Amino acid sequence: MDKKEKYTYDDLIKIVEILRGENGCPWDIKQTHTSLLPNLLEETYEVIDAIKKENTDNLKEELGDLLLQVVFHAQIAKEQEEFNIDDVIDRICKKLILRHPHIFGEKSANNVEEVLENWEQIKKKEKGYQTQTEVLRNIPEVLPALVRAYKVQVKASNVGFDWKDVKDVINKVNEELAEFIEAYKKGNQEQIMEEYGDLLFSMINIARFFKINPEFALTNAIEKFINRFEYVENTAVLNNKRLENMSLDEMDKLWEEAKLKTSKNL
């Protein structure tokens, strides 16, 4: 196995079987579906990172790591006599064919919107959902809250439960902000948290109206903050100062410089 110049998908299946086998790797043998969850999540985010950075070579590597997670879980299931990797592939192939009737069937779809509408209707029938509430409740709770909120709003919108104009959404944000400020003035921590959640949820509505991915938008804002903070700290060092010995006004002045001088990169 270690002498091949070019490995294939079948080789990957075999390697994982060996690693999980009687004389395999102690770490691999010990793993379960649950213990592998952090790895699955990490590999998924590393794929996203490679795509965002447009690093093709790294993307190739990270997709391999993610594929390993799929094969690993399938191997565990095979050992437990539940299913195997062929069943996984069979299921996704059937799903793709079923949910693309405009390609593999007689239904028509002339644009992206019609494709998505067909997809949602087929999925709802396939899952046996009788109400749209079931659709909302089956959006996984383990998703990052921003992502889950976005998906919940989209699913609600699919049946017409939505604002008609972005101005209405902005008014809702202002309303939620006023309620948050009112809760803050009252000093009720539980109410403050509740109103803060409502404010965040309404902000995600704005993102949806402008077709902005809120998770990526927040990630970009975090990176921008770090880059500007780096400018502030580096500039302070050049002036023989340490941030902890500077006033907030001094640091804020450098922050404004960072915004002006490095805005194209930040």
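The values are calculated or read from the model by the stated rules, or taken from the named source; none is laboratory data. Here the structure is a predicted model, which is why all the values come from computation and not from measurement. Positions of Cβ are generated from backbone atoms using ideal geometry, with glycine treated the same way; all protein chains shown enter the neighbour counts.
Below are the figures for this structure:
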item: From the options 49, 57, 65, residue that is at negative phi and free of Cβ contacts under 8 Å to residues at least 12 places away in the same chain; result: 57
item: Segment 29-50, residues that are out of contact with any Leu (no Cβ under 6 Å at 6 or more places or on another chain) and either among the aliphatic types (A, V, I, L, M) or not assigned by TED's automatic domain parsing to the domain that holds residue 17 (or both); result: 29, 36, 37, 40, 41, 48
item: Segments classed as helices (runs of 4 or more DSSP H), wholly inside segment 80-167, with at least 1 members that are free of Cβ contacts under 8 Å to residues at least 12 places away in the same chain and touching a helix residue (DSSP H, G or I) at 6+ places or on another chain (Cβ under 7 Å); result: 85-98, 101-104, 112-127
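Here's the yes/no breakdown for (1) in a loop (DSSP other than H, G, I, E, B); (2) of a type in the set (A, V, I, L, M, F, W, C); (3) closer than 17 Å to residue 12 by Cβ; (4) out of contact with any strand residue (DSSP E or B) (no Cβ under 9 Å at 6 or more places or on another chain):
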position	(1), (2), (3), (4)
39	no, no, yes, yes
46	no, no, no, yes
49	no, no, no, yes
58	no, no, no, yes
64	no, no, yes, yes
77	no, yes, yes, yes
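Condition check ((1) outside the structural domain of residue 76 (by TED's automatic domain parsing); (2) touching a Lys or Arg at 6+ places or on another chain (Cβ under 8 Å); (3) under 30 Å from residue 75 (Cβ atoms)) across all residues:
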residue	(1), (2), (3)
102	yes, no, no
122	yes, yes, no
127	yes, no, yes
137	yes, no, no
168	yes, no, no
199	yes, no, no
